[in-house]
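What follows is a set of notes on a single structure, which appears directly below.
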Amino acid sequence: MPRNALSLHGPGSLQGVPTFDHLLGDAFGGRWGADIDVEEHEDHAVLRLDVPGVKPEQINVSVEHRTLTIQVEREGRGNFTRQYTIGTKYDLGGMKATLEYGVLTLHLPKGAEAQARKIPVEVG
């Protein structure tokens, strides 16, 4: 699995797609890009990237056809792009991004049908 690839377990998972700039940066030792940390909870996932010295206007987060694209432009250090395929268990309309203390945090809620729930057993 490529170094920036990741997978949240189960169907509808989140998987990393290496991008050309990532591969080129790795090959020439110029990669400054952030590795991603993922926490999966019962009703949502949290993705965190370290992007020290970056302002919100230098970050572009977008989703198209269930592909999450994170583009960061850092003065003097170049740009990087990461793409991740977002599984169907996540509600893309409810996704939120925040930047605090050099950490970009993305919250991806799971759709109601993907959330664990207890089914009561009835008598009769």
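The values are calculated or read from the model by the stated rules, or taken from the named source; none is laboratory data. The shown structure was predicted, so the numbers you read here are calculated from the model rather than taken from an experiment. Positions of Cβ are backbone-derived with ideal geometry, glycine not excepted, and every protein chain shown enters the neighbour counts.
When the stretch 69-90 is limited to residues that are part of a strand (DSSP E or B) and without any contact (Cβ under 8 Å) to a residue 40 or more places away in the chain, the one that is farthest from Leu47 (Cα to Cα) turns out to be Glu73.
Among the residues of the stretch 91-103, the ones that are within 21 Å of Thr67 (Cα to Cα) and not in a strand (DSSP E or B) come to 5 in all. Residues that are modelled with pLDDT of 80 or more and not in a loop (DSSP other than H, G, I, E, B) were ranked within the stretch 104-122; the one that is surrounded by the most Cβ atoms within 10 Å (Cβ to Cβ) is Leu108. Of the residues Ser13, Ser62, the single one that is within 18 Å of Leu108 (Cα to Cα), under 15 Å from the mean Cα position of the chain (by Cα) and either at pLDDT below 50 or assigned to a loop (DSSP other than H, G, I, E, B) (or both) is Ser13. Whether a residue is surrounded by fewer than 16 Cβ atoms within 10 Å (Cβ to Cβ), part of a loop (DSSP other than H, G, I, E, B) and in contact with an Asp or Glu (Cβ under 9 Å, 6 or more places away or on another chain) was assessed, and Gly53 passes this test.
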